[in-house]
Amino acid sequence: MVAMVNNTEENSKVFKSSGDECPNFMEDNDNSTMGQNSLLGEKYDWDSKTQGMIMSSFFYAYFITVLTGGYFAKRFGAKLMFGAGVGATAILTLLTPVAVRWGVTPFIIVRVLEGIGEGLTYPTINTMISQWAPKLERSRISSVVFSGASVGSVLSLSASGLMCKSKALGGWPSAFYVFGAIGCFWCVLWIIFIYETPDIHPTISKEELFLIYESEENQLPQKVRHSSYSKYYLN
């Protein structure tokens, strides 16, 4: 957002009213504008109200799918819903520079749709963890998974700043194209390698299944429930 907005026009209004009262204000804001000019790409004259609407639009529908994502994961499968959420967000990220050029309203619509997709991810990944992680290890695995999201945010923010300053990449639109492409590639890997539950995985061993379903005999897959391993692991 910082790289997309033309703050020169917005700041000029403030300069006129505050320049006489606070001479240092002009100098400080000139330095801020110079730093912002190093961020490349087309600039838009959005006032603070418009920027606020754009930023908050992501959450207009986000809370709906956060609350209902668990139901959809149980109803349609966590693999499908998580993949659909990430995939839709990745595609919409690729389309964001186009939507921005069309106007504020298309941009806000894209942001709302991204919020719907992102809202599915947290409840559905919890469902995946509950289906794949051994009962006694779920807390630790959840901590690793969700800390990965925080680390990814830090890395992507840093990388986005570098891309916004890159003449070779074309400025801020490149951040949307790069991360959108990464998201689409990730979805392909998700579809190929991830299975809904352990018992339908083609290469999982009976020992691994018993480790996952340990202390939950009633949930053991039929193909291994009566195996000799069950007495060993469940006694």
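The values are calculated or read from the model by the stated rules, or taken from the named source; none is laboratory data. Predicted model only: the values in this text are computed from it and were never measured. Neighbour counts run over all protein chains shown; Cβ positions are idealised from the backbone, glycine included.
From Phe185, Phe193, which residue is among the aromatic types (Phe, Trp, Tyr), over 30 Å from Leu40 (Cβ atoms) and surrounded by fewer than 15 Cβ atoms within 10 Å (Cβ to Cβ)?
Exactly one of Phe185, Phe193 is among the aromatic types (Phe, Trp, Tyr), over 30 Å from Leu40 (Cβ atoms) and surrounded by fewer than 15 Cβ atoms within 10 Å (Cβ to Cβ), namely Phe193.
Could you grab me the full set of residues in segment 220-235 that are part of a helix (DSSP H, G or I), of a type outside the set (Val, Ile, Thr) and either at pLDDT 90 or above or surrounded by 13 or more Cβ atoms within 10 Å (Cβ to Cβ) (or both)?
Step one: list which residues in segment 220-235 are part of a helix (DSSP H, G or I), which gives 222-225, 228-234.
Those still in the list that are of a type outside the set (Val, Ile, Thr) too: 222-223, 225, 228-234.
The answer is Arg225, Tyr229, Ser230, Tyr233, Leu234.
Checking the conditions here, which among Met53, Met4 is surrounded by 13 or more Cβ atoms within 10 Å (Cβ to Cβ), in contact with a strand residue (DSSP E or B) (Cβ under 7 Å, 6 or more places away or on another chain) and at pLDDT 65 or above? Reasoning before the result, please.
Working: Met53 fails: in contact with a strand residue (DSSP E or B) (Cβ under 7 Å, 6 or more places away or on another chain).
When all the criteria are applied, what remains is Met4.
Which of the residues that make up segment 147-160 are more than 12 Å from the chain's Cα centre (by Cα) and surrounded by 13 or more Cβ atoms within 10 Å (Cβ to Cβ)?
Scanning segment 147-160 gives Ala159, Ser160.
In segment 67-111, what residues are of a type in the set (Lys, Arg) and free of Cβ contacts under 8 Å to residues at least 12 places away in the same chain?
Taking segment 67-111 as the starting set, the residues that turn out to be of a type in the set (Lys, Arg) are 74-75, 79, 101, 111.
Residue satisfying the conditions is Arg75 alone.
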